[in-house]
Every structure is written in C-alpha cells, then in structure tokens.
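Let me begin by presenting the structure, written as structure tokens, before commenting on it.
The values are calculated or read from the model by the stated rules, or taken from the named source; none is laboratory data. Just so you know, these numbers come straight off a predicted model, no measurement behind them. Counting neighbours? That spans all protein chains shown, and the Cβs are built from the backbone with ideal geometry, glycine included. We work out accessible area using only protein heavy atoms, side chains counted, and drop any ligands, DNA or RNA first. Shrake-Rupley method; radii C 1.70, N 1.55, O 1.52, S 1.80 Å.
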Amino acid sequence: MSHTAVPDDHPRSASLRTRHRIEAGIDAGITSRQGLIAEGRGEAFDYLIGERTIESAAAAERAAAAHLLRAESPVVSVNGNVAALAPEAVVDLADATDAAIEVNLFNRTEARMNAIADHLRDHGASEVKGLTADARIPGLSHERGKVDADGIGAADVVLVPLEDGDRAAALAEMGKTEIVIDLNPLSRSPQAAAVPVVDNLVRALPAITEHARDLRDRPEEWDAIIENFDREAALADAERAIRSGQLD
C-alpha cells in the first residue's frame with residue numbers, strides 16, 4: 001500500500017513518517033494492529049517532551065552504550081514496532097556493540113516471526129535469534145516468555161525498546177541488566193530498568209550507537225560512566241519535562 005508523501009516543511013513531518021512506517025509494517029505482516037495504539041501513546045508523550053532528546057536521556061544513552069560495550073553477551077530485543085520503525089538503526093547498534101538481535105513478540109505467530117527476521121536481514125542483520133525459542137523467562141505464561149537459550153536466555157545485558165512491562169520486570173528478576181527505551185517514565189518498563197532511556201526510539205537508537213562507537217576504544221571509561229548514571233534522577237527529570245509541557 002502506498003502512502004502520501006510527507007513534505008519536509010510539514011510541521012509534523014517526523015511523526016507522520018513514523019506513523020506511515022507503522023502502517024507499512026502492518027501491510028507487511030511485521031507489526032500488529034495493536035502497534036498503532038502503542039505508537040500513538042508514545043507519540044503523545046514525545047509531544048509533551050518537546051520531540052527532543054532531553055539532557056537526562058542523553059546521559060542515559062551514553063550509559064546504555066557503556067553497558068552494552070562492557071557486556072559479555074548483550075542482546076537487542078526487537079518487536080514488530082521496532083522492526084517497522086528502525087531496522088537499520090537496530091542493525092547498526094548491534095554491529096557497534098557486538099550484540100545479538102532477537103525477535104520477541106506478544107502476538108507471536110510463525111509468519112510474523114519469520115517476516116520480522118527476514119526484514120532485519122534485508123536491512124543488514126547477519127543473524128537473527130528468537131525463532132528457536134528453546135528457553136523461557138520464568139514467570140511469563142504468554143508468548144513473550146519464549147526466548148532463545150543462547151540469546152536473551154544467556155544475555156547479561158538486554159536492550160528492551162518500547163513498552164514491555166511484565167517482561168521487563170521478569171528479566172530484572174533474572175538478574176539481567178536492562179536498558180529500556182520508553183517515552184513514559186511512569187510505565188513499568190523504565191521503572192524496572194537499570195538504564196531507563198526516556199526518548200523516542202528513532203532518536204535513541206542512533207544516539208546509543210554513536211556513543212558506542214565513540215567509547216569502543218576507551219574501555220577505561222565504561223565503569224565510571226555506568227556508575228555515575230543516576231536512574232532515579234533521570235526518571236524524575238523526564239517526568240518533570242513531560243509535566244511542564246514546555247514545547248520548544
């Protein structure tokens with residue numbers, strides 16, 4: 001299905017293009033229809049935050065990069081919205097941090113799993129995990145509990161983009177370090193995360209990648225960046241920014 005082209009000078013050009021990517025993802029069998037609702041919820045918070053990366057989010061993105069670089073088995077988890085919105089950015093981040101990519105879905109079907117895996121490969125992924133599903137996350141009875149034993153099952157650091165509250169809490173219970181990208185600082189996902197990144201996915205992923213490339217050859221700095229990041233202060237700062245609604 002084709003969509004009307006969005007002119008660059010349209011004041012809502014970025015958000016309109018994002019909506020079209022979700023629509024195209026549904027057409028391609030990548031995104032579920034519920035993904036439209038999730039995208040709209042996130043867009044509302046992004047509007048309140050001024051559609052910008054606030055200072056605390058930038059600090060969180062740098063800390064996220066340090067965690068991924070320091071990890072022994074980092075994994076970037078991908079759902080349908082992530083695959084539709086930022087497949088190239090996912091692959092770039094995985095390459096920059098030597099992380100695995102794993103598809104994990106609530107509305108899981110074999111067709112969707114394969115469609116997302118193929119989509120990621122089309123955008124440069126050499127390997128995509130999640131199809132084997134030979135392990136489970138304890139305490140999750142639904143399809144998000146299915147993971148690859150050598151992927152999320154073995155990961156020490158997991159990047160969880162977009163809202164995924166119950167799985168975020170369950171992964172934290174397993175002792176995994178979680179990086180969560182979520183525009184709502186009050187939702188369960190960032191509340192459970194070691195590094196809550198309150199920013200739009202399409203801004204956050206490239207920013208984390210840029211930090212990772214900058215820090216890759218400076219491992220002596222990783223520990224200090226991680227230790228100096230204050231997750232509670234970051235969440236509080238994001239909530240203040242949203243509540244103030246000062247649109248620039």
Inset, instruction - Provide the FRET efficiency to the nearest 0.05 for the ALA149-ARG243 pair, computing r from the beta carbons and using R0 = 30 Å. - result: 0.10
Legend entry - Kirkwood Rh (inverse of mean 1/r, distinct Cα pairs), region 79-193, angstrom: 14.2 Å
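Please compute the contact order of the chain in relative form: average sequence separation of alpha-carbon pairs under 8 Å and at least six residues apart, divided by the residue count, as a percent. The partial results should precede the final answer.
Numbers: 452 pairs, mean separation 59.6, N = 248.
Normalised by residue count, the contact order of the chain is 24 percent.
Using 0.36 nm per residue of separation minus the Cα-Cα distance, give me the extension gain between ALA236 and GLU220 in nm, one decimal.
Details: separation 16, 0.36 × 16 = 5.76 nm, distance 2.90 nm.
Gain on stretching ALA236 to GLU220: 2.9 nm.
How about region 37-134: which GluC sites (Glu not before Pro) there lie in a loop by DSSP and see at most 16 other Cβ atoms within 10 Å?
On the way: sites: GLU39, GLU43, GLU51, GLU55, GLU61, GLU72, GLU88, GLU102, GLU110, GLU127; in loops: GLU51, GLU72, GLU127.
For GluC sites (Glu not before Pro) across region 37-134 that sit outside H, G, I, E and B with at most 16 neighbouring Cβ atoms in 10 Å, the list reads GLU51, GLU72, GLU127.
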Legend entry - Whole-Hz couplings from phi, Karplus 6.51/-1.76/1.60, listed for region 226-235; x for Gly and Pro: 5, 5, 7, 6, 10, 5, 5, 5, 5, 5
Inset, instruction - Please find, in a Gaussian network model of the chain (springs between Cα atoms separated by less than 10 Å), the residue of LEU120, LEU131, LEU159 whose mean-square fluctuation is greatest. - result: LEU131
Inset, instruction - Work out the charge dipole of the chain with +1 on the Cβ of Lys and Arg and -1 on the Cβ of Asp and Glu about the Cα centre, then indicate which of ALA111, PRO87, LEU205 is farthest towards its positive end. - result: ALA111
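State, to one decimal in nm², a quarter of the convex hull surface area for the C-alpha atoms of region 113-248, i.e. the direction-averaged projected area. Write down the numbers at each step before the final one.
Working: hull surface 40.4 nm².
Orientation-averaged projected area of the Cα hull: 10.1 nm².
Rounded to the nearest 20 Debye, what is the dipole magnitude of region 203-248 about its Cα centre when Lys and Arg each give +1 and Asp and Glu each give -1 at the C-beta? Could the numbers behind the result be given before it?
Numbers: 7 positive and 12 negative charges, 60 e Å.
Roughly 280 debye, rounded to the nearest 20.
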Inset, instruction - Summarise the accessible area of the chain (1.4 Å probe, protein heavy atoms) by the percent that is carbon and sulfur. - result: 48 percent
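What does the charge dipole of region 62-189 about its Cα centre add up to, to the nearest 20 debye, if the Cβ of each Lys and Arg holds +1 and the Cβ of each Asp and Glu holds -1? Before the final figure, lay out the partial values.
On the way: 12 positive and 21 negative charges, 66 e Å.
Its charge dipole is roughly 320 debye.
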Legend entry - FRET efficiency for GLU55 and ASP98, using Cβ-Cβ distance with R0 set to 22 Å, rounded to 0.05: 0.20
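Given the rule -39500 (n - 2.57) for each run of at least 4 DSSP H residues, summed and divided by the residues of the chain, what is its mean residue ellipticity at 222 nm, to the nearest 500 deg cm²/dmol?
Working: 11 runs with 126 residues, N = 248.
Mean residue ellipticity, 222 nm, calculated: -15500 deg cm²/dmol.
Taking the DSSP beta bridges in the chain as the whole, what percent of them are antiparallel, to the nearest 5? Working shown, then result.
On the way: 2 of 18 bridges.
Just about 10 percent of them are antiparallel.
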Inset, instruction - List the residues whose amide H sits under 5 Å from the amide H of VAL78, counting only those 5 or more places along or on another chain, with H placed 1.01 Å from N in the peptide plane. - result: GLU102, VAL103, ASN104
Legend entry - About the Cα centre, charge dipole magnitude for the chain (Lys/Arg +1, Asp/Glu -1 at Cβ), debye: 740 debye
Inset, instruction - Provide the per-residue ³J(HN,Hα) series for region 100-107, in order, calculated from phi with Karplus coefficients 6.51, -1.76, 1.60 and θ = phi - 60°, each as a whole number of Hz, with x at glycine and proline positions. - result: 7, 10, 10, 7, 9, 10, 7, 8
Legend entry - Per residue, in Å², the accessible surface of region 71-201 once ligands and nucleic acids are set aside, probe 1.4 Å: 35 Å²
Inset, instruction - For the chain, with a Gaussian network of springs between Cα atoms less than 10 Å apart, report the residue from GLY42, GLY124, GLY153 with the top mean-square fluctuation. - result: GLY124
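Using alpha-carbon pairs under 8 Å, 6+ residues apart, how would you state the relative contact order of region 76-182 in percent? Provide the component values of the computation, followed by the final result.
Working: 171 pairs, mean separation 26.5, N = 107.
After rounding, I find 25 percent.
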